[in-house]
């Protein structure tokens, strides 16, 4: 579904921060894969839990592993390029009821289009198209508030744990 354009996706919004993928790892509590995003302008870290297949798609691109046939995100990136489109950026826009939401901002023929996406798909596509990744300040605030209610594991504990991850903890999926 295409959403109406509210502003130029090429411009960073005041409530957005650019992030990089810091790593991909298994959450030791839930045993689910998670992507750790890091704000490039601060020490802020945000974990986003993803499914095993989505984690695999992200890991394949992080490692630059060639597959015999195009995977879904490779196909999507190839389709966009073939149709003379460009992925301008992806934005993790919201965290609501423990579900993350994202938008993929694309341009084709001078027209700007935003598409609703799962963050894991948006991140996998961003890696394949080498476009910037942004996180809304609302997601950072909501993540902090959500983690504040976790018993025996405060937001500060989570922040310290994520900040103290070393390359070995992040496994071969570090960036």
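Considering only region 147-158, I want to know if a residue exists there that is surrounded by 13 or more Cβ atoms within 10 Å (Cβ to Cβ), within 25 Å of residue 29 (Cα to Cα) and at pLDDT 90 or above.
no
Name the residues in region 121-132 that are crowded, with 24+ Cβ neighbours inside 10 Å and touching a residue at least 60 places away in the same chain (Cβ under 8 Å), would you?
123, 124
What number of residues within region 81-97 satisfy the criterion of being over 16 Å from residue 137 (Cα atoms) and surrounded by fewer than 19 Cβ atoms within 10 Å (Cβ to Cβ)?
Matching residues across region 81-97 total 8.
Is it fair to say residue 43 is over 11 Å from the mean Cα position of the chain (by Cα), in contact (Cβ under 8 Å) with a residue 12 or more places away in the chain and at positive phi?
It is false that residue 43 is over 11 Å from the mean Cα position of the chain (by Cα), in contact (Cβ under 8 Å) with a residue 12 or more places away in the chain and at positive phi.
Of the numbered conditions (1) in a helix (DSSP H, G or I); (2) at pLDDT 95 or above; (3) in contact with a strand residue (DSSP E or B) (Cβ under 8 Å, 6 or more places away or on another chain), residue 76 fails exactly one; give the number of that condition.
Result: residue 76 passes all but (3).
Specify the residue that is nearest to residue 57 (Cα to Cα); the eligible residues are those in region 79-132 that are under 13 Å from the mean Cα position of the chain (by Cα) and in a loop (DSSP other than H, G, I, E, B).
Per the criteria, the residue is 118.
Name every residue in region 57-72 that is outside any loop (DSSP other than H, G, I, E, B) and over 14 Å from the mean Cα position of the chain (by Cα), in order of residue number.
Selection gives 60, 72.
Check off (1) touching a strand residue (DSSP E or B) at 6+ places or on another chain (Cβ under 6 Å); (2) surrounded by fewer than 18 Cβ atoms within 10 Å (Cβ to Cβ) for residue 30 and give me the number that stays unchecked.
(1)
The values are calculated or read from the model by the stated rules, or taken from the named source; none is laboratory data. All figures in this text were calculated on a predicted structure; none of them were measured in a lab. Here the Cβ is made from the backbone with ideal geometry for all residues, glycine too, and neighbour counts use every protein chain on show.
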